[in-house]
1. Under the 0.36 nm per residue contour assumption, what length would be gained going from the current alpha-carbon distance of N265 and T174 to full extension?
2. Would you please calculate the Kirkwood hydrodynamic radius of the range 213-361 over all C-alpha pairs and express it in Å, rounded to one decimal?
3. About its Cα centre, how strong a charge dipole does the chain have in debye, to the nearest 20, once Lys and Arg get +1 and Asp and Glu get -1 at the Cβ?
4. What order do you get for D169, D225 when you list them from fewest to most C-beta neighbours inside 10 Å?
5. At 20 °C and 1.002 mPa s, grab the translational diffusion coefficient of the range 257-331 from Stokes-Einstein with a Kirkwood Rh over Cα pairs, rounded to a whole number in µm² per second.
6. If you find the alpha carbon centre of the range 127-188 and of the range 241-278, how far apart are they in angstrom?
7. Give a residue-ordered list of calculated ³J(HN,Hα) values for the range 77-83 (Karplus: 6.51 cos²θ - 1.76 cosθ + 1.60, θ = phi - 60°; whole Hz; x for Gly, Pro).
8. Counting other Cβ atoms within 10 Å of each Cβ, which GluC sites (Glu not before Pro) in the range 47-118 have at most 11 and sit in a DSSP loop?
Amino acid sequence: MKRALALSTKVSTRVSTRVSSKILSALFAVSLFSTAVASEDVAPQPAKPSFIEYTESLKQEALQKGYNQALLDEVFSSLTFHERIVKADQSQPESVETLSTYLPKRVSETRITMARMFYKQHLAELEKIGEKYGVQPRFIIALWGLESSFGRFMGNYSIPSALATLAYDGRRETFFREEFFHALDILAEGHINFVDMKGSWAGAMGQSQFMPSSFLAYAQDGDGDGKKDIWTNQLDVFASIANYLKQQNWNSSLSWGREVVLPANFDTSLAIQRGSLARAPWLERWNDSARSLANWNELGVRRLNNSALPARELKAALILPDGEGGRAFLGYDNYKSLMHWNRSYYFVTSVGYLADLIVAE
C-alpha cells in the first residue's frame, strides 16, 4: 500500500512539474510578444542633428527667403558653436540679493561720476535728441551707462554665431531662430559689417544692447549718414535709446517714480502682485494697483522725509520689489515704459536712481 502511494506521489510530482514548465514557457512567450509589440508601438527618437546640419537647414531657409548669396556665404562659413553660451544660458544664477544690495553695485560711485561726466560732455547733442523724441537726456545716459557701461562693455561674440548656438540648443529655439534672421536683415540693410556685428552671449548688440528685433523696431540714424550704428556711433546710440522710450509712450513731463514710506499695517495687497508674467497680464496688475497721488496720500503713503506726496493730477502704481517688508516705490507711467525695456523692478529702479543722481549735483 505504501509503495503504491509513493508511486502515485512520484507520478503526481512529474505531472505537476511538466504542467508548471508548460505554464512558465507560455508566460515567457507572452512576455516576449508583449515586449515586441511595445517596441513596435514606441517609435525610436530621431537623433539630434549636428550643429553643421542644423545651420545648413538655416541656410536653406535663408535662401528661400531671398537673402543675397554672398552675404550667406560670409555668415554661414563663419558660424561657430559656443559651448560656453549654452552653459551660460542653462546656468543663469537665481537672484539671491535684495534691492539694497543690488543698487550699490549697479549704481556705484564710479558709475555716477562717469554718468555726470558724459551727461555734461554730450549735453548739446542730448538736448536736441531729447527734444526730438520727447525724452529727458538723463534717462538716455542712465540706460547707456547701465546697459554697456557707456559703451565700454558690449560683448565680443559674433551675433549670428551666438544666436545660431542658442537656437540649436533648443531651449527657446523659435525665439532665437527668428532673431537670427533679424540679424541677417540688419546685415542685408548694410548698417554694420558682419565682422563687426558683436555682442553679448545672449545676442544683445551694441552700446544699447538691443536684440536684433529691437534694433529693427527702434534703432535710429542719429547723424543722418544713412546707417544705424549702435556699436560705434554715439548719436545713433542716443537716438535709438530715445526712440525706444518714445515708442513705449514715454512722457517727458514726468519722472520715473519715487521711493516712499508706507504707514504701519498698510494693506500691501494694493501693490502690484509679484510673479513672473507676460507683459499683458502684468499691465493688468499695474492697472489694478494704479491710483491717484491724492488717493495714496489718503492711504498714508508719504515721501521719504514723511511729507505729503506731490499735489499733481497723475496716477502711480505701488511697487514692492522685495515683497512685504521691503522698500516701497510709487511708479509713474514712465516706469511702465522702462519695464518694457527690461521687466525687472531692480533694473528699472536702478535706471531711475541713476537718472536722478545725474542731475542731483
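1. So the extension gain works out to 28.1 nm.
2. In the range 213-361 this quantity evaluates to 16.8 Å.
3. Here the chain has a charge dipole of around 2120 debye.
4. With the fewest neighbours first, D169, D225 line up as D225, D169.
5. For the chosen part, D equals 171 µm²/s.
6. Going from one Cα centre to the other spans 24 Å.
7. Residue by residue, the range 77-83 yields 6, 10, 4, 10, 7, 10, 4 Hz.
8. Here the GluC sites (Glu not before Pro) that fit, given the DSSP loop and packing criteria, are E94, E97.
None of the figures in this text is laboratory data; all of them are computed from the coordinates on show. The model shown is predicted, which means the values in this text are computed figures rather than measured ones. Glycine gets a Cβ as well: all are built from the backbone with ideal geometry, and neighbour counts include every protein chain shown.
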